[in-house]
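Quick notes on the structure that follows.
The values are calculated or read from the model by the stated rules, or taken from the named source; none is laboratory data. The structure presented is a predicted model; accordingly, all values stated were derived computationally and were not measured. Virtual Cβ from ideal backbone geometry, glycine too; neighbours counted across all protein chains shown. Side chains included, ligands, DNA and RNA excluded: accessible areas come from the protein's heavy atoms. Shrake-Rupley method; radii C 1.70, N 1.55, O 1.52, S 1.80 Å.
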Amino acid sequence: MNFYIIDDVQETKRLQAQSNLDTNTAYRREWCEAWAVNRKNGAYERCPLCRRPVSMLKWEPPRKMRLVGTKYPDRLSEWLMEPLVVSERFIEAYQRAKLSGISTFSEIEVVRKKATAPPAPRYYLAEVDYSQSVCIDLHRTILYGEKNDWSCAVCNPFGSTCSHITHLALNTAKWDGTDLFRVYAVGTVCSQRFYDFVNDFQFTNFNLVPISEYTF
């Protein structure tokens, strides 16, 4: 079974290299930008073992965002700080395919400065759970960073910061079959089934990279 990780950094670098423009301008040529409006922050998600924060502050309702541009992808990524904000088209196909890993979909209100702008799709914040069956493979992952004065078997097994990763490997021997999940200290990961689903429906701006090719 192959696994893939959402990697917006490499995709942005590719767009920049193709256009010879700065990062933000290159992205705007490809897709609309999305900005949270009057964002209300809640609590961090915490490691079930050491109780340290493992996420950004949660985006609490009411959720509103401003879209700049009219090239609407199936997944919004720019400036929202959320791994998965998806279109209604994606949700309908996801539910028909009976995929697993997303616990809830919550609609986000779109605020437009110009009433004449083409209507945007409905977008939803997708809540993806942390996996309890897949973790980073300590023996095969090559990671560099500064040593911390603490470690945690779940969320910080290396006991260090992460300045860059030259090779990432996962321990999937106990994978429970979930199609989309977050891995502690890694990011949002998907199965081959989810990867094929995204490609079959040609959903845009998902930027899925094989785990073996991921660098940071």
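Quick notes on this structure:
- Among the residues making up the stretch 171-192, those that are touching a residue at least 24 places away in the same chain (Cβ under 8 Å) and over 17 Å from the mean Cα position of the chain (by Cα) are 171, 172, 174, 175, 176, 177.
- Filter result for residue 195 (closer than 22 Å to residue 14 by Cα and either touching a residue at least 40 places away in the same chain (Cβ under 8 Å) or not aromatic (Phe, Trp, Tyr) (or both)): yes
- Test: residue in the stretch 132-146 that is at pLDDT below 90, open to solvent by 70 Å² or more (accessible area, probe 1.4 Å) and in a loop (DSSP other than H, G, I, E, B): yes
- Taking (1) in a helix (DSSP H, G or I); (2) open to solvent by 30 Å² or more (accessible area, probe 1.4 Å); (3) among the β-branched types (Val, Ile, Thr) in turn, residue 198 satisfies each apart from (2).
- Test: residue 156 is touching a helix residue (DSSP H, G or I) at 6+ places or on another chain (Cβ under 7 Å), in contact (Cβ under 8 Å) with a residue 40 or more places away in the chain and among the polar types (S, T, N, Q): no
- The set of residues in the stretch 176-193 being farther than 18 Å from residue 137 by Cα, surrounded by 15 or more Cβ atoms within 10 Å (Cβ to Cβ) and touching a Phe, Trp or Tyr at 6+ places or on another chain (Cβ under 8 Å) consists of 179, 180.
- Complete set of residues in the stretch 102-131 that are surrounded by 13 or more Cβ atoms within 10 Å (Cβ to Cβ), among the aliphatic types (A, V, I, L, M) and part of a loop (DSSP other than H, G, I, E, B): 117, 120
- Selection of strands (runs of 3 or more DSSP E) fully inside the stretch 1-97 by the criterion of at least 1 residues being open to solvent by 80 Å² or more (accessible area, probe 1.4 Å) and modelled with pLDDT of 85 or more returns 33-36.
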